[in-house]
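What follows is a short report on a single structure.
What follows is calculated from the coordinates using simple rules that are stated; it is not laboratory data. Just so it is clear, the model here is predicted, and its values are computed rather than measured. Cβ sites come from the backbone with ideal geometry, for glycine too, and all protein chains shown count toward neighbours.
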Amino acid sequence: MNKVLSKKVLAPNVKEMDVYIPRIARVAKPGQFVIVMPDEKGERIPLTLVDWNSFEGWIRLVFLEIGVTTYKLGLKEVGESLYYIVGPLGNPTYVGKFGTVIIVGGGVGIPAAYPIARAFKEVGNYVISIIGARTSKLLIYEDRIREVSNEVHVTTDDGSKGFKGFTSDMLANLLESGLKPDLIWMVGPAPMMKSCSAIAKKYGVKAVASLNPIMVCGMGMCGACRVTVAGRTRFACFEGPEFDADKVDWDELIKRLNMYRKEEQEALNRFRGALASIAMQR
Ligand code: FAD
Ligand code: MG
């Protein structure tokens, strides 16, 4: 159980991992996530269910190595087991037949957008995906997004692939050109979602955002993932992770995401130091 079946490097510091866990694979739905503990002494982190196979019993995770826990996860080899996985958690995406749906995915949010685009297309929506990264080397899942979209627009901040600019610039261009989508669904860095949300609001289009606050228990007990939506405190883990984008207090979310940066950096420095001394002893 929890065994790593495969591991691929998709981009610098971005890994895709298939993990054997039939009880989650059997019931997973688009928009849900799991909480993972790579080892017994570590912390719990939330990761989106990017794909799953109910017959073969695996789930697929894609993660950016950004701090101690994601680096620890990335060190797990095929055949090793993760200490703990709980899920599926969070509410599945409401996949209605709306008409035209724009899906916006930024950075490591692109794989998270994949099952959503697939589900919206499967029920007969016309799916327009906007995917973006800082630079072409970091642009992941383009092929898979193409498989489940009617149209794809690629953006890079530096112009190394596709349109030079942000996903939000592309969204603004499409809406400015007269496109009238029935829904915009977004996942990615909070500042990206804040901008996309403002654009959707300007053009009067309903927008849903999948939020990524710091989350610990994942079950509505600890309160770490609290966000303010329409002036009310909501727990993203069990009341979300999706909310109406224009009602989210984005500045508070961005502030809370950065509240432990100093401690996280110290922990990462210590972890790197420990790894270096192990390597020297060998
Ligand atoms: P740290 O150095 O501890 O933290 C780096 C930054 O990550 C922090 O500054 C903070 O902004 C954020 N962070 C830290 N701890 C947490 C935490 N417990 N929960 C959320 N954010 C945290 N990332 C992916 O790469 N792929 C995914 O599919 C994915 N899905 C997510 C789904 C949900 C519902 C949420 C809430 C977050 C998701 N994330 C995903 C973000 C991921 O959980 C964090 O990048 C990860 O927890 C960082 O842990 P760390 O110890 O490696 O880094
Ligand atoms: Mg951490």
Rounded to whole Hz, the Karplus (6.51, -1.76, 1.60) HN-Hα couplings of the range 245-261, x for glycine and proline: 4, 6, 9, 7, 7, 5, 5, 5, 4, 5, 5, 5, 5, 9, 5, 10, 3
The range 163-205 shape via C-alpha gyration tensor axes, a/c threshold 1.5: oblate
Other-chain or far-sequence residues with amide H under 5 Å of Lys161's (modelled H): Ser136, Thr156
3J(HN,Hα) from dihedral phi, the range 82-98, Karplus parametrisation 6.51/-1.76/1.60, rounded to Hz, x for glycine, proline: 7, 4, 7, 9, 10, x, x, 10, x, 7, x, 5, 7, 9, x, 8, 8
Cα-projected label distance for Phe238 with Glu122, points at 7 Å along beta-carbon direction, nm: 2.7
Cα-Cα over 31 Å, subset of Lys8/Lys201; Lys15/Lys97; Lys7/Lys29; Lys161/Lys202; Lys72/Lys206: Lys8/Lys201; Lys15/Lys97; Lys72/Lys206
Rounded tilt (10° steps) of 167-176 against the dominant C-alpha axis of the chain: 10
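Per 0.36 nm of contour for each residue apart, how much would the distance between Lys262 and Tyr94 grow if the chain were fully extended, relative to their Cα-Cα spacing? Show your work: numbers first, answer last.
Numbers: separation 168, 0.36 × 168 = 60.48 nm, distance 3.73 nm.
Taking 0.36 nm per residue and subtracting the Cα distance, the gain is 56.8 nm.
Over the chain, what is the percentage of antiparallel beta bridges among all DSSP beta bridges, to the nearest 5? Numbers along the way, then the final one.
Details: 34 of 58 bridges.
Taking every DSSP beta bridge within the chain, about 60 percent pair in antiparallel fashion.
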P(r) weight above 22 Å for the range 133-282, C-alpha pairs, percent: 54
Global size of the chain as Cα Rg and Dmax, reported in angstrom: 18.6, 63
Most mobile of Lys194, Lys164, Lys255 in a GNM of the chain (Cα contacts under 10 Å): Lys255
Straight-distance crosslink candidates among aspartates and glutamates, where the alpha carbon sits under 20 Å from Lys41 and sequence neighbours closer than 8 are dropped: Glu65, Glu77, Glu80, Glu263, Glu264, Glu266
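Determine the dipole magnitude for the range 77-166: charges of +1 sit on the beta-carbon of Lys and Arg, -1 on that of Asp and Glu, nothing else is charged, the reference point is the Cα centre, and the result goes in debye to the nearest 20.
Details: 9 positive and 9 negative charges, 58 e Å.
Charge dipole, the range 77-166, about its Cα centre: 280 debye, nearest 20.
Compute the Cα gyration tensor for the range 148-230, then decide on rounded, prolate or oblate, letting a ≥ b ≥ c be the square roots of its eigenvalues: rounded whenever a/c is under 1.5, prolate when a/b is larger than b/c in the other cases, and oblate in all that remain.
Working: a/c = 2.41, a/b = 1.70, b/c = 1.41.
Judged from the Cα gyration tensor, the range 148-230 comes out prolate (a/c at least 1.5, a/b above b/c).
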Inter-part distance where the range 106-126 and the range 162-213 are each reduced to a Cα centre, Å: 15
Degrees, to the nearest 10: 109-122 long Cα axis against longest axis of the chain: 50
Sequence-separation-based contact order of the chain, relative, with Cα cut under 8 Å and 6+ spacing, percent: 15
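Label the range 127-176 by shape, choosing from rounded, prolate and oblate, from the square roots a ≥ b ≥ c of the eigenvalues of the Cα gyration tensor; if a/c is under 1.5 it is rounded, and otherwise prolate applies when a/b is larger than b/c, oblate when it is not. Before the final figure, lay out each step's value.
Values: a/c = 2.61, a/b = 1.05, b/c = 2.50.
Oblate, since a/c reaches 1.5 and b/c is not below a/b.
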Karplus (6.51, -1.76, 1.60) ³J(HN,Hα), θ = phi - 60°, over the range 65-73, in Hz, Gly and Pro reported as x: 6, 10, x, 4, 6, 5, 5, 4, 4
Under 5 Å, built H, 5+ apart or other chain: amide partners of Tyr84: Met37
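Percent relative contact order of the range 1-141, based on C-alpha pairs within less than 8 angstrom and at least six residues apart?
Values: 309 pairs, mean separation 37.1, N = 141.
Averaging sequence separation for qualifying contacts and normalising by length gives 26 percent for the range 1-141.
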Distant-in-sequence amide H partners of Val216 (H built 1.01 Å from N, under 5 Å): Ala224, Cys225
Degrees separating the helix 190-202 axis from the principal Cα axis of the chain, which is the longest one: 10
